[in-house]
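Asks: The structure's right below; bear with me while I get my questions together.
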Amino acid sequence: MPATDPDFPAARLHIVTGKGGTGKTTVAAALAIALAYGGRRTLLVEVEGRQGIASLFDYPPLPYKETRVAVAPGGGEVLALAVDDEAALLDYLDIFYSLRRAGRALRKMGAIDFATAIAPGLRDVLLTGKVKEAATRTVGGKRVYHAVVLDAPPTGRITKFLNVTAEVSGLAKVGPIKTQSDGVMAVLRSSQTAVHLVTLLEEMPVQETIDAIADLTATHLPVGAVIVNAARPSLLPPADERRAIAGRLGVSRVAAGLELAGLDSKTLAKPLTEQAMEDAHRYAVQDESRARIQALARSTYELPLLPGPIDLSDLFELADILNAAGVR
Amino acid sequence: MSPGVLDVDAMLSDPATRIVVCCGSGGVGKTTTSAALAVRAADAGRTVVVLTIDPARRLAQALGLTRLDNTPRVVDGVGSAGGGRLWAMQLDMKRTFDEIVEEHSSPQRSRQILSNPFYQSLSSSFAGTQEYMAMEKLGQLRAMGDWDLIVVDTPPSRSALDFLDAPQRMARFLDGRMLRLLAAPAKAGGRAYLKVVGAGFTLFARILTKILGAQVLTDVSAFVGALDTMFGGFRERAEATYKMLSRPGTAFLVVATPEPDALREASYFVERLNNDAMPLAGVIINRVHRSAVPKLSGQRAETAAEALEEMGDQELTAAVLRIHAEVMFTARREQRITARFTKAHPEVALREIPALAGEVHDLAALRVVGAALAGEQ
């Protein structure tokens with residue numbers, strides 16, 4: 001068994017992005033579980049203050065503290081952290097300026113909100129800085145987390161979010177924040193990081209995925225896998241699927257089957273056949289989208305559509321699929 | 001009691017309806033819905049402009065939005081013999097902000113502001129700038145008076161409430177004490193101000209300087225100094241637009257999909273509109289799955305499929321039945337989720353739009369969506 005995913009063997013920091021509505025939080029959670037298989041510990045991080053992880057794992061809102069949310073087969077565990085930008089700034093003030101108490105006073109004044117507002121890049125440096133810290137943290141020479149998975153901002157904002165050096169270039173040219181952003185950037189651009197893109201097999205999410213890969217590549221950020229979510233397996237036999245897409249599925253054949261099953265073929269055969277043909281259009285769109293993704297020549301994983309709302313057992317099912325596909 | 005059905009045509013054809021705002025969380029089809037409403041209203045004889053925020057490329061092309069000049073352009077192929085016409089534009093937030101600056105200050109001043117690094121980051125990446133500029137643009141379009149109906153798509157924010165809150169948040173920020181205090185050293189030219197503002201703020205300014213560098217504060221000071229004449233204006237403008245939205249000529253449409261997250265956002269928004277006494281027209285639920293054969297239950301279809309699979313040689317009919325079962329189960333789940341919403345908000349008019357097989361990127365497809373919005377299917 002390979003120790004890591006053969007496609008990005010050195011990746012410790014998995015950044016998961018995707019167009020809104022593609023299920024990137026679900027995929028990030030499944031990935032964190034899959035990477036914890038075999039007695040490992042992983043950390044799942046969110047940065048947008050949505051508490052999406054807590055609701056997915058059916059937990060009360062997460063505090064700003066690494067909290068265990070699931071165990072994985074073989075004794076592994078998944079911890080989760082909701083990084084809050086205010087708390088991250090307070091942390092930062094504490095670490096570099098020993099200013100925790102003053103920081104609290106500033107928070108009361110609304111100054112923290114203000115500081116992150118006048119320098120939007122600051123916020124992203126603090127958030128990515130926290131993620132980098134967790135991904136590279138060691139105790140006694142051993143890494144604390146086998147992997148850190150970030151439920152990142154959507155594809156439209158991902159390159160900007162990760163390109164922290166450029167974002168803070170307008171800020172202090174020297175000093176801790178510059179050192180911090182350079183350190184974060186070095187990790188983000190290294191083979192320790194993989195940016196994964198979640199997409200549905202639909203035209204717009206696939207287009208955004210293609211655009212985001214181009215942007216990330218141009219910014220020298222390491223693109224990992226394309227993870228197709230909510231793919232619907234075709235139910236029709238292949239030859240019938242082709243007929244259905246062409247709109248030529250035979251009503252009489254369906255009627256014969258319905259008779260055998262003891263159903264009223266007279267009223268059912270036609271609408272059921274039409275429904276199957278309409279459904280086949282979605283497979284056609286899926287197939288087209290899949291072809292566009294394959295043309296990207298990236299490693300690709302495919303997860304099936306599950307009848308939601310997604311719960312913990314669904315996450316394990318998805319993690320099993322990723323694990324079986326080689327994600328370690 | 002079942003909730004009322006949203007009568008889109010009545011809303012669009014009522015000359016008293018002057019503004020339609022489509023809100024909702026990201027990915028629910030707001031842009032498509034706004035475009036479809038605008039096309040339908042123009043076809044019905046109204047003079048319409050649709051303000052889109054971030055349309056998909058092919059939808060933008062369908063609306064003739066090939067030139068991004070922050071100005072409405074006529075959409076060919078839409079309208080009626082009775083004089084209906086459609087204009088469309090895509091919001092350019094930076095440009096809208098630049099134009100406000102240019103309009104309210106001397107050429108020299110505005111050059112100073114526009115080249116200020118702090119202004120540049122504020123106008124392109126401040127959280128809420130897009131929402132504020134969408135509101136601002138809406139106010140401008142209304143003031144121009146060239147259209148009798150304005151349809152607005154709202155920015156793709158995480159929360160639908162951002163559209164209502166972000167402009168005032170930003171105006172508060174721009175007009176706020178904090179920004180003025182930071183600018184004070186430049187204006188006072190000395191340290192006397194420290195006594196006035198207190199030690200907490202001094203500490204704050206010191207830390208900011210340390211973290212962000214002295215240059216940022218210098219830029220902020222210069223920006224505030226140059227912007228001085230406009231202060232107060234930001235909040236006033238944001239408030240004026242907000243008030244305009246609460247008048248009867250406005251109709252808010254909340255767009256959602258039959259998914260828990262989208263309907264939760266829709267709920268928040270409906271409650272907020274109620275609290276603020278803002279005019280909610282109704283909720284549109286996009287991408288609803290329905291079967292053409294509701295009388296055959298999902299369970300029966302599945303049982304029959306199993307029986308046929310055991311018999312063998314009947315893969316086609318078995319698959320057709322399994323497809324039906326899937327549609328029925330999806331439909332039932334969606335109905336449960338929607339019912340939760342309607343129980344909480346029985347007074348809100350609803351319209352469900354069936355899921356479309358293809359994507360919408362031409363006028364013909366927008367008209368199909370428009371017909372569905374009007375309940376013609």
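Asks: Which residues, taken from the range B:115-153, are open to solvent by less than 50 Å² (accessible area, probe 1.4 Å) and among the aliphatic types (A, V, I, L, M)?
Replies: Within the range B:115-153, B:Leu122, B:Met133, B:Ala134, B:Met135, B:Leu138, B:Leu141, B:Leu149, B:Ile150, B:Val151, B:Val152 meet the criteria.
Asks: Whether any residue in the range A:100-116 is surrounded by fewer than 16 Cβ atoms within 10 Å (Cβ to Cβ), modelled with pLDDT of 85 or more and more than 21 Å from A:Gln51 (Cα to Cα) is what I want to check.
Replies: So far as the range A:100-116 goes, no, none of its residues is surrounded by fewer than 16 Cβ atoms within 10 Å (Cβ to Cβ), modelled with pLDDT of 85 or more and more than 21 Å from A:Gln51 (Cα to Cα).
Asks: Another question, if that's okay. Quick one: in the range B:252-261, which of the residues that are open to solvent by 10 Å² or more (accessible area, probe 1.4 Å) and under 18 Å from the mean Cα position of the chain (by Cα) is nearest to B:Ile19 (Cα to Cα)?
Replies: B:Thr257
Asks: Test B:Asn274 against the criterion of being assigned to a helix (DSSP H, G or I), modelled with pLDDT of 90 or more and either polar (S, T, N, Q) or more than 30 Å from A:Asp311 (Cβ to Cβ) (or both), and give yes or no.
Replies: The answer is yes for B:Asn274.
Asks: If you go through the range A:41-72, how many residues are touching a residue at least 40 places away in the same chain (Cβ under 8 Å) and open to solvent by 60 Å² or more (accessible area, probe 1.4 Å)?
Replies: 2
Asks: Of all residues in the range B:23-62, how many are assigned to a helix (DSSP H, G or I), open to solvent by 10 Å² or more (accessible area, probe 1.4 Å) and either of a type outside the set (A, V, I, L, M, F, W, C) or free of Cβ contacts under 8 Å to residues at least 24 places away in the same chain (or both)?
Replies: 8
Asks: So, B:Val327, is that one surrounded by 16 or more Cβ atoms within 10 Å (Cβ to Cβ), under 20 Å from A:Leu306 (Cα atoms) and away from every other protein chain (no Cβ under 14 Å) or not?
Replies: When the stated conditions are applied, B:Val327 does not pass them.
Asks: Cβ-Cβ distance below 6 Å, separation of 6 or more or different chains: which pairs start in the range A:199-212 with a residue that is within 17 Å of A:Ala28 (Cβ to Cβ) and end on one that is hydrophobic (A, V, I, L, M, F, W, C) and open to solvent by 10 Å² or more (accessible area, probe 1.4 Å)?
Replies: Listed by first residue and then by second, the contacts come to A:Leu200/A:Ala230.
Asks: From the list A:Val148, A:Val164, which residue is open to solvent by less than 50 Å² (accessible area, probe 1.4 Å) and modelled with pLDDT under 95?
Replies: A:Val164
Asks: With respect to B:Gly282, determine if the residue is closer than 23 Å to A:Pro309 by Cα, more than 10 Å from chain A (Cβ to nearest Cβ), in contact with a helix residue (DSSP H, G or I) (Cβ under 9 Å, 6 or more places away or on another chain) and not charged (D, E, K, R).
Replies: no
Asks: Within the range B:307-329, can one find any residue that is within 24 Å of A:Thr267 (Cβ to Cβ) and aromatic (Phe, Trp, Tyr)?
Replies: yes
Asks: Let me ask something else about it. Identify all residues within the range A:248-260 that are at pLDDT below 95 and surrounded by 20 or more Cβ atoms within 10 Å (Cβ to Cβ); write none if there are none.
Replies: A:Leu249
Asks: Any chance the range B:159-178 includes a residue that's at pLDDT 90 or above and within 28 Å of the chain's Cα centre (by Cα)?
Replies: The answer is no; no qualifying residue exists.
Asks: Here's something else I'd like to know. Within the range A:271-278, can one find any residue that is over 30 Å from A:Ile33 (Cβ atoms), surrounded by 20 or more Cβ atoms within 10 Å (Cβ to Cβ) and touching a residue at least 40 places away in the same chain (Cβ under 8 Å)?
Replies: yes
Asks: Among the listed residues B:Leu316, B:Leu273, which satisfies the condition of being in contact with a helix residue (DSSP H, G or I) (Cβ under 7 Å, 6 or more places away or on another chain) and on the phi < 0 side of the Ramachandran plot?
Replies: Selected residue: B:Leu316, the only one of B:Leu316, B:Leu273 that is in contact with a helix residue (DSSP H, G or I) (Cβ under 7 Å, 6 or more places away or on another chain) and on the phi < 0 side of the Ramachandran plot.
Asks: Sticking with this one: Return yes when B:Phe269 is assigned to a helix (DSSP H, G or I), open to solvent by less than 20 Å² (accessible area, probe 1.4 Å), in contact (Cβ under 8 Å) with a residue 40 or more places away in the chain and more than 14 Å from B:Leu164 (Cα to Cα) and no when it is not.
Replies: Here the answer is no, as B:Phe269 does not meet what is asked.
Asks: From (1) open to solvent by 30 Å² or more (accessible area, probe 1.4 Å); (2) more than 8 Å from chain A (Cβ to nearest Cβ); (3) of a type outside the set (Lys, Arg), pick out the condition that doesn't hold for B:Ala357.
Replies: That leaves (2) as the condition not met.
Asks: Suppose the filter is at pLDDT below 75 and either closer than 27 Å to A:Tyr92 by Cβ or surrounded by fewer than 19 Cβ atoms within 10 Å (Cβ to Cβ) (or both); does B:Pro248 pass it?
Replies: Answer is no for this residue.
Asks: Taking interchain pairs and intrachain pairs at least six residues apart, which have beta carbon atoms under 7 angstrom, with the first residue in the range B:71-86 and without any contact (Cβ under 8 Å) to a residue 40 or more places away in the chain and the second among the aliphatic types (A, V, I, L, M) and open to solvent by 70 Å² or more (accessible area, probe 1.4 Å)?
Replies: Filtered contacts from the range B:71-86: B:Ser80/B:Ala44.
Asks: Another one. Taking only the range B:330-348 into account, find how many residues are out of contact with any Lys or Arg (no Cβ under 8 Å at 6 or more places or on another chain), within 14 Å of A:Pro309 (Cα to Cα) and open to solvent by less than 30 Å² (accessible area, probe 1.4 Å).
Replies: 3
Asks: With the structure loaded, tell me whether A:Ala325 is more than 10 Å from every other protein chain (Cβ to nearest Cβ), among the aliphatic types (A, V, I, L, M), under 28 Å from A:Asp58 (Cα atoms) and open to solvent by 40 Å² or more (accessible area, probe 1.4 Å) or whether it fails that test.
Replies: yes
Asks: Within the range B:63-114, restricting attention to residues that are small (Gly, Ala, Ser) and not in a loop (DSSP other than H, G, I, E, B), which residue is surrounded by the most Cβ atoms within 10 Å (Cβ to Cβ)?
Replies: B:Ala88
Asks: Which of the residues that make up the range B:280-302 are open to solvent by less than 30 Å² (accessible area, probe 1.4 Å) and either assigned to a loop (DSSP other than H, G, I, E, B) or within 20 Å of A:Leu272 (Cα to Cα) (or both)?
Replies: Once the filter is applied, which keeps residues that are open to solvent by less than 30 Å² (accessible area, probe 1.4 Å) and either assigned to a loop (DSSP other than H, G, I, E, B) or within 20 Å of A:Leu272 (Cα to Cα) (or both), the range B:280-302 yields B:Val288, B:Ser291, B:Val293, B:Leu296, B:Gly298, B:Ala301.
Asks: Testing B:Gln112 on (1) under 30 Å from B:Leu253 (Cα atoms); (2) modelled with pLDDT under 90, one condition comes back false. Which one is that?
Replies: (1)
Asks: Here is a further query. Would you mention how many residues in the range A:5-37 are out of contact with any helix residue (DSSP H, G or I) (no Cβ under 6 Å at 6 or more places or on another chain) and within 14 Å of chain B (Cβ to nearest Cβ)?
Replies: Result for the range A:5-37: 5.
Asks: On to the next question. Yes or no: A:Ala231 of a type in the set (A, V, I, L, M, F, W, C) and farther than 18 Å from B:Ala318 by Cβ?
Replies: For A:Ala231, the condition - of a type in the set (A, V, I, L, M, F, W, C) and farther than 18 Å from B:Ala318 by Cβ - is met.
Asks: Select, from A:Ala246, A:Ala218, A:Ala230, the only residue that is touching a strand residue (DSSP E or B) at 6+ places or on another chain (Cβ under 9 Å) and more than 10 Å from chain B (Cβ to nearest Cβ).
Replies: Answer to the check: A:Ala230.
Asks: Related question: Does any residue in the range A:77-102 that is within 14 Å of chain B (Cβ to nearest Cβ) come within less than 8 Å, Cβ to Cβ, of a residue that is among the polar types (S, T, N, Q) and part of a helix (DSSP H, G or I) six or more places away or on a different chain, and which pairs are these?
Replies: If the second residue must be among the polar types (S, T, N, Q) and part of a helix (DSSP H, G or I), the pairs left are A:Asp85/A:Thr116; A:Glu86/A:Thr116; A:Leu89/A:Thr116; A:Tyr92/A:Gln180.
The values are calculated or read from the model by the stated rules, or taken from the named source; none is laboratory data. Owing to the predicted nature of the structure, the values given are computational and were not obtained by experimental measurement. Here Cβ is always computed from backbone atoms with ideal geometry, including for glycine, and neighbour counts include all displayed protein chains. All accessible areas refer to the heavy atoms of the entire protein, side chains included, with ligands and DNA or RNA removed. Shrake-Rupley method; radii C 1.70, N 1.55, O 1.52, S 1.80 Å.
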